[in-house]
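Structure, as structure tokens:
Just so it is clear, none of the values below were taken in a lab; they were calculated from the coordinates. What you are looking at is a predicted structure, and each value in this text was computed from that prediction instead of being measured. Using ideal geometry, Cβ is built from the backbone for each residue, glycine included, and neighbour counts are taken over all protein chains shown.
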Amino acid sequence: MSKEPGAADSAAEEPSNSTRSVKYTDGGYGWVILASCFVITGLSTSFVKTFGIFFLDIQEYFDILAFNVSWITSITVAVFHVVSPIASALSLLLSHRVIIITGGILSSLGLLLGSFGFSLLAMYLTTGFLIGLGNGFAWIPSVSLVTQYFRERRPLANAIASCGECVSTFIFTPFYQWLVDQMSWRQAMMIIAGIQLNLCVCGALMRPYQPQKKYLTFTSSSASTSRKDLSRTSPDRKKNLAHFFDLPLLKQPKFICMAFFGFFSVAGFFIPAIYLIPHAQNIGIEHFQAALLMSYWSAGDFIGRLSCGWLANLRLIKSIRLTAILITILSIALLLFPVAKSYTLLVIFSCTCGFFFGTMLAIIVTVLTDVMGVEKLDNALGLILFFRTIGCLLGPPLTGYLVDITGDYGIGFYVAGGGLFISACFLILADYFLIHEQNVSQDTEGDGTVYFSRPISGRNKEREAWDRQNDRDSMNKVSE
């Protein structure tokens, strides 16, 4: 009688474990995680992408130059990049849920305190630093959880999550402009602060992924093994965090090219989003119509991300070369953007630039993986984020300084286009060094084949000696 329940339990455990393993990855609660990450991605990027709506109002309110206003978004984006590895480390030490909820509170608090408009320095600390800190805390752990819950459908899941930025910008840009028109920029920021609290709601839905549930058994040996694995996990994680910045990478020419690519390309990422709406308003476009240009940009961005993912999967051309071509086209479109004076041309250029902007973002991580390899991807990302942070701090203020000198907000598109063109040149150089490295490795492998020919000849000698011995034995038999 005692054996039958045990047998029944063991028989019941296997199907439950198997069904649980099927439901726990690539579906089930993973879709809730993906939907939450979709919303988090949109909320953590929408204010930065739509900051152009508030640009002129803040400049007029404090009676300052565009150079000073540009520092707000520069600090936001720079802190976002700096805090990304910190958020990853904290999510390992605490939990993804706690870090995302903390990020939502910080982001909402930054908008709320910034809406009071105490001083420009207060704007730097609240709308700049706190929002960047909160957005970084919210976004990085959510993306990490999506990669844990999805394996076979991971490319699709990442694509859907990244599209949250496009959809939210498309929706929130006219809504934020309507809030500013109906009230003021300060009251609009108060309402947006309440909207940002939805990051906490999404964070609460972020249930930790526990893959060990698939392999649960009720034996003492397996329990002790699992404890050993868990005890090994924390030192390994600390080791990975300690070696996050792999400084020997700075000696590799291909990585140096990718670092400069990240430094110059960041100008094309954020400068157009900051100066698109002020540029349109400055040339006489009505405020609400000017805000819609950012929505058109986001629609093109959405289409570009999906189409480039499909094109890259065809593998008609190397990813790095495809990216260089797309960035070159985008840089030319940005350099021609200030030529557009009518609203129709502005819409056409916004859709075009948004499309190629989306194609560039869809494939950039793939390019970095192809150049540096999977083993060095994490270390390379850490250093490239550092160089991008420098670009974030220097790009928008430099553009603001040029705007103050020239009085033309279209100068931002010249800076963005020029930076992207230079970044495309560094991509071409990285491709050259990558090809050179592959040729050298092939030559080394060729030398290896000659080097390993000695053991093969030794085997032939052994076979010849064995044949001689057989001949001698046969001769002895004949003589006998």
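So the values come out like this:
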quantity	calculated
Alpha-carbon centroid distance for the pair the range 267-289 / the range 50-105, whole angstrom	20 Å
Those chymotrypsin sites (Phe, Trp or Tyr not before Pro) in the range 97-145 that DSSP places in a loop and that have at most 15 other beta carbons within 10 Å	Phe116, Phe118
Residues Lys318, Lys341, Lys49, sorted so that the one with the fewest Cβ neighbours within 10 Å comes first	Lys341, Lys318, Lys49
Residue order, fewest to most surrounding Cβ atoms within 10 angstrom, among Glu165, Glu286	Glu286, Glu165
Cβ-based exposure ranking for Ser298, Ser88, in which fewest neighbours within 10 Å come first	Ser88, Ser298
Formal net charge of residues neighbouring Gly164 (Cβ-Cβ distance under 15 Å; K, R +1; D, E -1)	0
Positive minus negative residues near Asp181 (Lys, Arg vs Asp, Glu; Cβ under 14 Å)	-1
3J(HN,Hα) from dihedral phi, the range 57-63, Karplus parametrisation 6.51/-1.76/1.60, rounded to Hz, x for glycine, proline	5, 5, 4, 6, 5, 8, 6
³J(HN,Hα) computed for each position of the range 336-345 - Karplus, 6.51 cos²θ - 1.76 cosθ + 1.60, integer Hz, glycine/proline x	8, 4, x, 5, 6, 10, 8, 5, 4, 5
Nitroxide proxy distance, nm - points 7 Å out along Cα→Cβ at Ala204 and Leu121	3.8 nm
